[in-house]
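All remarks here apply to the structure that follows.
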Amino acid sequence: MTQTVFAPWEEPREKPLIQFKNVTKRFGSFTAIDNLTQDIYEREFFALLGPSGCGKTTMMRMLAGFEEPTTGQILLAGQDMAKVPPNERAVNMMFQSYALFPHLSVWDNIAFGLKRMNMPKGEIEARVDEMLRLTRLERFAKRKPHQISGGQRQRVALARSLARAPKLLLLDEPLGALDKKLRQDTQFELMDIQEKTGTTFVIVTHDQEEAMTVASRVAVMDEGKIIQVATPDKIYEEPNSRYVADFIGDVNIIEGTAKKVGEDGYDITWAEGQEPFHAKSNLEMSDGQKAYIAIRPEKIAVSMDKPDGAYNSIKGKIVDIAYLGNISTYHVEIPGGKTIKAQTANTRRLSRRSFTWEDDVWLSWTLTAGSVLEQ
């Protein structure tokens with residue numbers, strides 16, 4: 001059975017659920033969102049990723065109705081949201097603090113919003129039970145929030161947010177209060193629940209790993225603008241700028257000048273008297289133009305001898321080693337005093353490691369391992 005790839009943003013006939021149209025938001029003289037246009041589709045798990053103060057929470061608060069755009073439009077299912085108050089939007093927001101009622105049981109916390117909608121008693125019971133099953137909380141229905149763990153409280157908040165069957169669920173740093181192991185487990189639970197309910201999720205996070213794990217698409221933000229929107233693998237493998245390359249994961253960025261070689265090849269001259277680095281790119285650059293090559297450490301091979309037939313190779317000295325259990329990161333100083341990071345998987349015990357401090361080694365990588373960037 002062939003699995004269809006979920007990519008409604010590539011389908012011209014698909015209508016977006018959310019449309020930001022030239023949205024600007026100012027607080028006094030400060031511009032939090034700067035002329036932003038972006039579509040988000042039904043059933044997407046869309047991540048807004050960026051450092052503190054980049055505008056991601058402001059975007060979310062405008063979707064929820066807690067803030068209004070200074071200029072521009074926000075549409076939900078084709079309807080302009082400007083005059084729709086927060087409680088009348090088919091949108092729910094889950095806060096980092098979870099905001100559970102401490103005196104109510106888990107069951108009553110989930111039922112709270114449904115009771116306020118004046119839903120019939122039988123329907124409330126059926127819906128709460130369905131949410132408890134979905135979030136695997138049946139055993140904890142009678143407990144109060146202080147009697148359950150942080151991860152379970154997070155699921156109660158999620159169940160309560162989903163109980164009203166919103167078209168759109170907004171999650172503001174939802175896993176921020178959890179420890180690393182629990183965060184990772186909960187990320188997969190979130191994805192599972194999102195898939196089962198078919199609700200569109202928009203998550204705000206500054207945690208790149210989280211965004212890359214859960215999202216169908218990631219929007220990397222900086223200073224009120226979206227710098228790049230793409231699937232996690234595209235963001236990682238084909239960043240459109242140094243900012244994105246540097247923000248997502250670990251990367252080596254080498255500055256040089258470009259010279260076209262063949263149809264889609266470039267030589268990047270990076271130091272006088274050194275062989276240029278070679279890369280493929282779809283960018284159209286003029287000879288002598290400033291360019292950058294971004295290479296992920298795991299795409300660089302480390303060897304004692306010069307590798308035969310490598311498109312890119314450079315000799316250097318190991319100046320530092322970071323041992324991270326499953327991988328080791330070697331900091332290798334190359335001519336001109338620049339340090340390049342290379343990573344290898346630790347498939348053998350530490351005592352049998354091939355390289356150590358002060359060793360001279362060769363670094364090499366393929367023609368397509370590095371991304372050529374203009375900015």
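The values are calculated or read from the model by the stated rules, or taken from the named source; none is laboratory data. Because the structure is a prediction, the values reported are computed rather than measured. Cβ: placed from backbone, ideal geometry, glycine included. Neighbour counts: every protein chain shown.
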### Task
Tell me, yes or no, whether the range 272-292 has at least one residue that is of a type in the set (A, V, I, L, M, F, W, C), surrounded by fewer than 19 Cβ atoms within 10 Å (Cβ to Cβ) and in contact with a strand residue (DSSP E or B) (Cβ under 8 Å, 6 or more places away or on another chain).
yes
### Message
For the condition under 16 Å from SER354 (Cβ atoms) and of a type in the set (Ser, Thr, Tyr), what is the one hit in SER286, SER313, SER303?
### Response
SER303
### Task
Select, from LEU158, LEU171, LEU100, the only residue that is part of a helix (DSSP H, G or I) and touching a residue at least 40 places away in the same chain (Cβ under 8 Å).
LEU158
#### Entry: Residues located in the range 284-296, provided they are of a type in the set (Gly, Ala, Ser) and in a loop (DSSP other than H, G, I, E, B)
SER286, GLY288
### Query
Does the range 61-87 hold any residues that are at pLDDT 90 or above and in a helix (DSSP H, G or I), and which are they?
ARG61, MET62, LEU63, ALA64
### Message
The conditions are (1) surrounded by fewer than 12 Cβ atoms within 10 Å (Cβ to Cβ); (2) in contact with a strand residue (DSSP E or B) (Cβ under 9 Å, 6 or more places away or on another chain), and GLU88 fails exactly one of them. Which is it?
### Response
(2)
### Query
Among LEU17, LEU75, which is in contact with a Lys or Arg (Cβ under 8 Å, 6 or more places away or on another chain), more than 23 Å from LEU175 (Cα to Cα) and crowded, with 19+ Cβ neighbours inside 10 Å?
LEU17
